[in-house]
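Since the structure comes first, as structure tokens, the remarks are kept for the end.
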Amino acid sequence: MLAGKRILLILGGGIAAYKALDLIRQLGREGAAVTPVLTRAAEEFVTPLSVSALAGAKVYRDLFDLTDEAEMGHIQLSRSADLIVVAPATADLMAKMAQGHANDLASTLLLATDTPVLIAPAMNVRMWQHPATQRNLATLRGDGVRVVGPDEGEMACGEFGPGRMAEPPAIVAAILAALASGPLAGRHVLVTSGPTHEPIDPVRYIANRSSGAQGTAIAGALAALGARVTFVTGPASVPPPAGVAVVRVETARQMLEAVETALPADAAVFAAAVADWRVTTEAASKIKKDGSGRLPVLDFAENPDILATVARRDTSRPGLVVGFAAETDDVVAHATAKRLRKGCDWIVANDVSPATGIMGGTENAVTLITAEGAETWPRMAKEAVAARLADRIAAALGG
Ligand code: CTP
């Protein structure tokens, strides 16, 4: 299933490197051409000879190797693959990647490339759970790096917990997914999701009940069809999907800025529940009860309408702009008017009255409103709505 695919496999220095030998064999069986790169530390765990023998290919080890550079420069090496896989991705290698270091062959290759990257982390459980590693992981995900594993279980060091490298079949499956060439391959789609938080003072904010589940599912469904997805999310209660570039924001104004930075895009889906108003009387320090019984008074200003701003752009307007309309009554009528008011091409209307359980729930019942008319879909899981919408977007973009 990987016939003709070229994989640059970087082995980091961890005990799990022995499992990478099996990964190389499995990739070979699938028809992939594997070019191995060993870090210095990896050579302490597996020998270049066994890696080379299993891959049936030359092993690259040194940034300053004159013969290697003459045959294939490291820049070319980093760009000649369909996918770069880092397995095992040690804590140190992840930190280097997150920081953009380029002080050995592996880190230089990873910095010098725009080829998609998949990492299979492997480390001691404490190292995995350390805030520094989790911070690096979030940075890497935000950079669009795909992650497989780690698994939970007994570790070579005798401890138990998450940190074991994913098993080779799981890594092969993740590689297949990363190389999927769907109808949206080569397309860039922007998705906004989640609520926004509008600060009152350093410890308080105004928010809404959006979980971000629908936007997350849409971003995942678009990525599954091969799109490069920029996922601009407010503080959601569900984690972002794999394989998308995550941009985290808090306020509506930050969301607008992130969206404008992410343009151009072939399509944009605005699933975020953006706060309509922000507090203009935001206090620099925590508002205290002053003992007089006087209550604080908040002043508001209207937030920018992100969807309308993008839909009405003269330059870099995405070819297809999709809005959402959260309504509690006269859903189709209000949403139809909203589509025209905001200037978007499609609007996905849903009834968010508390009785429907849609806001924060797992299902959604939507009506897709386009210039051609309104089409009501049956109530279904948010993932199913997302898959159907992603298919429609792919069809509209000619995929
Ligand atoms: N939206 C946006 N920026 C805002 C407000 C809304 O981008 N400041 C987007 C939402 O992401 C959604 C669409 O506009 O795609 C409609 O959001 P909704 O809350 O239904 O509409 P509002 O504009 O807030 O209108 P109203 O609250 O008056 O119904």
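The values are calculated or read from the model by the stated rules, or taken from the named source; none is laboratory data. Every value quoted in this text rests on a predicted model; they were computed, and no experiment measured them. No Cβ is skipped: glycine too gets one built from the backbone with ideal geometry, and neighbour counts run over all protein chains shown.
Annotations
- Taking the criterion of being β-branched (V, I, T) and in contact with a Cys (Cβ under 9 Å, 6 or more places away or on another chain), the only residue of the stretch 121-172 that qualifies is V125.
- In the stretch 282-295, residue nearest to the ligand (Cβ to nearest atom) [restricted to those that are out of contact with any strand residue (DSSP E or B) (no Cβ under 6 Å at 6 or more places or on another chain) and touching a residue at least 40 places away in the same chain (Cβ under 8 Å)]: A284
- Applying the condition of being in contact with an Asp or Glu (Cβ under 8 Å, 6 or more places away or on another chain) and within 16 Å of the ligand (Cβ to nearest atom) to the stretch 206-228 and asking which residue is nearest to A390 (Cα to Cα) yields A217.
- Being away from the ligand (no atom under 13 Å from the Cβ), in contact with a Ser or Thr (Cβ under 6 Å, 6 or more places away or on another chain) and in contact (Cβ under 8 Å) with a residue 40 or more places away in the chain is a description that does not apply to A272.
- Against the conditions (1) closer than 28 Å to L190 by Cα; (2) surrounded by fewer than 18 Cβ atoms within 10 Å (Cβ to Cβ); (3) basic (K, R), R126 satisfies every one except (1).
- Residue in the stretch 258-269 that is in a loop (DSSP other than H, G, I, E, B), in the same structural domain as G212 (by TED's automatic domain parsing), crowded, with 19+ Cβ neighbours inside 10 Å and in contact (Cβ under 8 Å) with a residue 40 or more places away in the chain present: yes
- Among the conditions (1) buried (at least 19 other Cβ atoms within 10 Å of the Cβ); (2) more than 17 Å from A272 (Cα to Cα), the only one that V366 does not satisfy is (2).
- Flag for A20 being in the same structural domain as D151 (by TED's automatic domain parsing) and in a helix (DSSP H, G or I): yes
- Summed over the stretch 330-355, the residues that are at pLDDT 95 or above and either within 10 Å of the ligand (Cβ to nearest atom) or crowded, with 20+ Cβ neighbours inside 10 Å (or both) give a count of 12.
- Boolean, A55 is surrounded by 20 or more Cβ atoms within 10 Å (Cβ to Cβ) and either within 31 Å of the chain's Cα centre (by Cα) or not assigned by TED's automatic domain parsing to the domain that holds G153 (or both): yes
- Of all the numbered requirements in (1) aliphatic (A, V, I, L, M); (2) within 30 Å of G226 (Cβ to Cβ); (3) touching a Gly at 6+ places or on another chain (Cβ under 9 Å), L263 misses one, and that requirement is (3).
- Residues within the stretch 296-329 that are within 8 Å of the ligand (Cβ to nearest atom), assigned to a loop (DSSP other than H, G, I, E, B) and either surrounded by 17 or more Cβ atoms within 10 Å (Cβ to Cβ) or not assigned by TED's automatic domain parsing to the domain that holds R392 (or both), tallied: 2
- The set of residues from the stretch 178-195 being assigned to a strand (DSSP E or B), at pLDDT below 95 and over 14 Å from V322 (Cβ atoms) comprises just one member, H188.
- Tally, over the stretch 234-252, of residues that are under 20 Å from V203 (Cβ atoms), outside any loop (DSSP other than H, G, I, E, B) and either in contact with a Gly (Cβ under 6 Å, 6 or more places away or on another chain) or within 10 Å of the ligand (Cβ to nearest atom) (or both): 1
- Restricting the stretch 198-233 to residues that are at pLDDT below 95 and part of a strand (DSSP E or B), the residue that is nearest to D299 (Cα to Cα) is F231.
- Residue check, T139 farther than 20 Å from A42 by Cβ, assigned by TED's automatic domain parsing to the domain that holds R29 and among the β-branched types (V, I, T): yes
- V37 vs. criteria within 16 Å of L109 (Cα to Cα) and touching a Phe, Trp or Tyr at 6+ places or on another chain (Cβ under 7 Å): yes
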